[in-house]
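The values are calculated or read from the model by the stated rules, or taken from the named source; none is laboratory data. Here the structure is a predicted model, which means the values were calculated and not measured. All Cβ positions, glycine included, derive from the backbone under ideal geometry; neighbour counts span all protein chains shown. Keep in mind that these areas ignore ligands, DNA and RNA; they rest on the heavy atoms of the full protein, side chains included. Shrake-Rupley method; radii C 1.70, N 1.55, O 1.52, S 1.80 Å.
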Amino acid sequence: MNISKDKVVKIHYTLKDVDGNVLDSSVGKEPLEYLHGNGFLIVGLERELEGKNPGDKFDVTIQPEDAYGKYDEALILDVQRSQFETNDPIEVGMQFQVMTPQGPSIVTVIEVTDDIIKINGNHELAGKVLHFDVEVVDVRELTQEEIDAMKSGCGGCGGGCGDSCDGDCGGCGGCH
């Protein structure tokens, strides 16, 4: 069975930067399992996986526009300390979830002063060329249980669980 929309796919991958440094890998762990064609992977990698079969191995280079986007200086913002709803100390490197017009997003603190917290809304891999070594481990149809879980709002295989999930959705890995 080959990879196509709405198939459950398991892959092993190693992600490297342009210098060959390993940024992330599933090798030696459980393979990454996701629902193909539903935006759970970066668009460039998902496109390269389309049509592949279990046992296929390949290397691919993904440009920023097909990964986490180009680095955008406009996503670096100065925010008044009073805007942060925490009494805990705020330090460089901390991450916070914020609401944007496009929905929730993660920002990283990059500078702290007495009055201003400078945040960066770019993904940590924005603007980076990514190299993947990939092995397709398995491709299968969704089970009826997974389909039912997604219809109930739980998300099942790699989906969003919303508020209806207690962390044990069943399906292929539960809530992510």
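The test for being closer than 26 Å to Val109 by Cβ, open to solvent by 60 Å² or more (accessible area, probe 1.4 Å) and not polar (S, T, N, Q) does not hold for Leu15. Check Val92 against each of (1) in a loop (DSSP other than H, G, I, E, B); (2) over 18 Å from the mean Cα position of the chain (by Cα); (3) modelled with pLDDT under 95 and name the one condition it does not meet. So the condition that Val92 fails would be (3).
Could you list all residues from the stretch 3-28 that are under 22 Å from His123 (Cβ atoms) and not acidic (Asp, Glu)? Passing the criteria: Ile11, Tyr13, Thr14, Leu15, Lys16, Val18, Gly20, Asn21, Val22, Leu23, Ser25, Ser26. Does Glu85 count as open to solvent by 50 Å² or more (accessible area, probe 1.4 Å) and either on the phi > 0 side of the Ramachandran plot or part of a strand (DSSP E or B) (or both)? When the stated conditions are applied, Glu85 does not pass them. Can you tell me which residue within the stretch 23-74, out of those that are β-branched (Val, Ile, Thr), within 17 Å of the chain's Cα centre (by Cα) and not in a helix (DSSP H, G or I), is surrounded by the fewest Cβ atoms within 10 Å (Cβ to Cβ)? Ranking the candidates gives Ile42 first. Determine whether Tyr13 is touching a Phe, Trp or Tyr at 6+ places or on another chain (Cβ under 8 Å) and under 12 Å from Phe132 (Cβ atoms). The answer is yes for Tyr13. If you go through the stretch 101-133 and keep only what is exposed (fewer than 11 other Cβ atoms within 10 Å of the Cβ) and in a strand (DSSP E or B), you end up with Gly103, Pro104. The residues on offer are Val98, Val92, Val43, Val109, and the sole one that is of a type in the set (Val, Ile, Thr) and closer than 30 Å to Met1 by Cα is Val43.
Among the residues of the stretch 134-172, those that are part of a loop (DSSP other than H, G, I, E, B), under 25 Å from His12 (Cβ atoms) and modelled with pLDDT of 50 or more comprise Glu141, Leu142, Thr143.
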